[in-house]
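Take a look at the structure set out below.
Read-outs throughout are calculated quantities, based only on the coordinates presented, and are distinct from any laboratory measurement. None of the values given here were measured: they were computed from a predicted structure. So basically every Cβ, Gly included, is an ideal-geometry build from the backbone, and we count neighbours across all protein chains shown.
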Amino acid sequence: MRRLLSFSDALVLLGGDPPAVAALDRALSGALNLTTGGVGDGLLRIVDARGRVVALGRDAVRGLGRRLGRAESRAERTELLYAAHTVIVIVAWFRALEEAELPFAVDELELTRSEQLTLAGAPDPVGRGAAFTHALAAVDAPQPAPHRPFEHVTAELQRWYEELSERFLGFIEGLCVWDDLGESDRSAARRVLSTELPCAAVQQYEGLYAQLAQQAPEFAFWTAQVEHQATRDQVRLALVGVEELLSDVARTLRPPTDVAAALARSHEAALTRPVLAASTAPDGIRVPALQEMYLDPDFRVRAVGGTLGPANESWWEEVPVRRDLTGYLVGALTSPGQADAPLLVLGQPGAGKSVLTRVLAARLPCAGFLPVRVPLRDVRVEDDLQEQLEQAVRTATGERVSWPELVRSAGGAVPVLLLDGLDELLQTTGVHHSDFLVRVARFQQREAEQGRPVRAVVTSRTAVADRTRYPEGLVALRLEPFRPAQIRHCLRLWNDANASSFAARGLQPLPWDAVARHESLAAQPLLLTMLALYDANGNGLPRGGDDPLDEAELYEELLTSFARREVDKTGPGALPENELTQRAEQELQRLSLVAFAALNRRRQWVSTAELDEDLTALLGRRSVDASGFRAPLGPAEVALGRFFFVQRAQSVRDGRVLSTYEFLHATFGEYLVMRLSLHVLTSLLTDRPTLSLGTSHIDDHLAYALLSYAPLSSRQILRFGESMVRRIPDRERERLAHQLVRVLDQHVTRTDDPHPEYRPARIRTSSRHGIYGANLILVVLLLTESITADKLFPCSPDPVSAWHRHVLLWRSSFDEEQWTDFALSLSVRRGQAERVRSLEVRLRSGELPPPDPLDMHWLYQQPQDDFAYWSRSYWDELWHKMDVSGGTNDSVVRHAIDPVMEWLGPAVTTFTASGSGQPATSVAHDLLRLLIGTRTGLTADEVTTLYLRVDRALTFLPPDSPLQGPVTCLLADMLHRDRSILPIGTVLALAQRPPATPALRERLRRALFRENAAGRST
């Protein structure tokens, strides 16, 4: 951890005369360094000598520029800046004390003889003097940091000054001089020292800090200046400001030599390389270099702490978006507070994390900084950090060098470790490297102790940031998606770089309006490049008045075009169109299997070993699948490595390369899952029974294998499905829906496992049946828009009950999140068809509406014109079954309904209707609506109907029913409230009904009628 400087040390570092500082410290009884001595006496001495303290501090700060000019290393310069800040923190308080209007002269403070004798036996009788001098000896005041707004720093500093002033006040209150003051003077002194002095000290500090910023540019970047940034729409290119801001500082430092110089040349060369390999672009298209195309992204930054973490979206909600990445990085790499733990840079796949490390390594001036970029995917994971650094240096320069030798050759530059791809370690090696950030912080601590302080930056995907432990002091920075101004700027750069190529090929530049329709993709830098490459092959993105592609059509065009290009490049020469199309389809099916491999494991990525296992289990090594897959697919690396929109995470352990695959945008995988699902299910239409007699079994083996591990109920997957099924002819959609209903019926009795070796996840067979059935229902609804229960379960004598039983199976097969997604994707409507209850199911769209009201006639299958009242005695069983289920949803509802069940349990299963053809409700339902609804918008007619319906139910109850008393009492209380809005006829009708007991009759009468003073009703 960063050591705390004493005021004395800070003065010496800044050029103060050591003997003079030491002499002053001795005169102050060692208070500046907290040596042994009378603390109370030292406190008074330092207050008495405040003028000399201020003068020494002022001279030290004024000479900061000269002292910085003599600094021989970046670390020494940072130490001087830290010392200067330490000095102004103390000087600010003493300057404020000098100007404070106190009712006594500070110069006249002195200890009496008895107080001196007391101090000889007890260093601090009050307990505040020691704390005061400790604070001066090792200044632990809040420090500025580039991730914190300056006003936050000054607010904390004011609290620190308040505590310092309180300690000083507490010590003075123990002296005799305090006893000589009157009460009004004491109150004035307390006000000045407790309130006015800290505020004045902060003002002094702000002025001194501004003076420091004029002498040392780093101070301007040690604080977050985020105000007004939201109104600035500027675009910054390739971190050029880092070099400019630090170039003046670098002139005073010795340039690197030997291996350090070679490493700097390697980093600089990266700027001239294309953003993507030229082979990814169509012939004749130029991919701009990194220094031309890279834009500084917006970002959020925050110190890690609290119960949540940076992997959680809500953790970032209150953090403002900033647009000064250059300034922030300058501050982070020069501020002493950032030297104890790495900076964690987070972002989505394709957000530019790796590119940021390459650009930063190239932009940092080699005189002052020694960037060492370590792609964690390429070094041995079992090695310690120092060995990984040495591996990376050898890869970049071809030279072997030990870490200490490298640092010495850098001429006093501060090493900056750029550790790229922590998520790759976590994905490929599991929990083995969950302490990686902690180990980096320990390495920083060791290097600082050896006089080689280092800074560290670690990159990772946001989604896996919660799988690692965070060291104390860690700051997380999240890269934000591009805003429209940045996208427009990228398009201008792209179009300018290819103006001549476009003209020669008869192509139009890529305009903003063509990209704006797909802004969610274009906001990620790498995916924006993907759109540009796609459009460069024949202007594939619609322009102007052209009908825009919906997202599914865009994905189909994008993926197909890249697949065809890869096939054409790797094929044995020019291929006929039909074979080119066929091979491109195989590539898309390979990609689809990657998408299923990740989905069925319920994560965003899949390892090479897992994918190879899936391919072998599903397709074998040489078999040809009935659904159009052709084996062999080859190793997963060969199948996927050439698609730049599939990110390959990698690490090296024990000499073996461990890899995982993930789509740069999750929607690519979701699209491919739905694409392959419809492809496999549509192939069931070609299934022909051997015999035309009876019912045959449909061969859905591959469909069951793929669709029985994870639901398709993600809104994104279903949205793709809605678009894709529109391209299926109407007649074929009807036939496919009918076929899937048959499959739904036959899979319930399935006992075989057609692909026993395909095991992407270990789940129960019953759960697989449930998930598969749920997925079939979703696809049927995509095809038909809506369907009734009797068509889903044509063989069931009670289709509505069959729906309920299937829903229970599906719910038991899902975890809570999956069940929520599935349930929210559907809507149901209950009705009657030829005096038989019916249930219609459809995919839900739009906002989540409240469910339609329930009619108990429908639920209990009671004809509406025959039954006006009925009840069931198992209300307590309902309550108990909700308790036994124990689920979150049931428990929440049970908690809300517990008072009703406890006091009015039988009313839950007592039902009545207000007349023939009217919906039936329970007594409990009506009472709750009366209790709550009259205050929230029920009309007078609705209120009247509810009262009459409850009264009707009471007339059917036997006199000894346990409901008579509670319901009548509750009804009486509500009638007293609502009698003014009820028609007189209703009041009389309710009054004439004889309750079960005279006491209840009297209570009801008093509720209905107001009595005058003589006891007569009105």
Cα gyration tensor shape of segment 237-480, rounded if a/c is under 1.5, else prolate or oblate by comparing a/b with b/c: rounded
Taking R190, R837 and counting other C-beta atoms within 10 Å, the order from fewest to most: R190, R837
Most to least packed among 288-294, 770-776, 510-516, 975-981 [average Cβ atoms within 10 Å]: 770-776, 288-294, 510-516, 975-981
Protection-proxy order for peptides 456-463, 182-189, each taking the mean of Cβ atoms within 10 Å per residue, highest first: 456-463, 182-189
Inter-centroid distance (Cα atoms) of segment 516-552 relative to segment 771-800, Å: 37
Alpha-carbon centroid distance for the pair segment 825-895 / segment 371-394, whole angstrom: 62
Gap separating the Cα centres of segment 139-176 and segment 896-932, nearest whole Å: 63
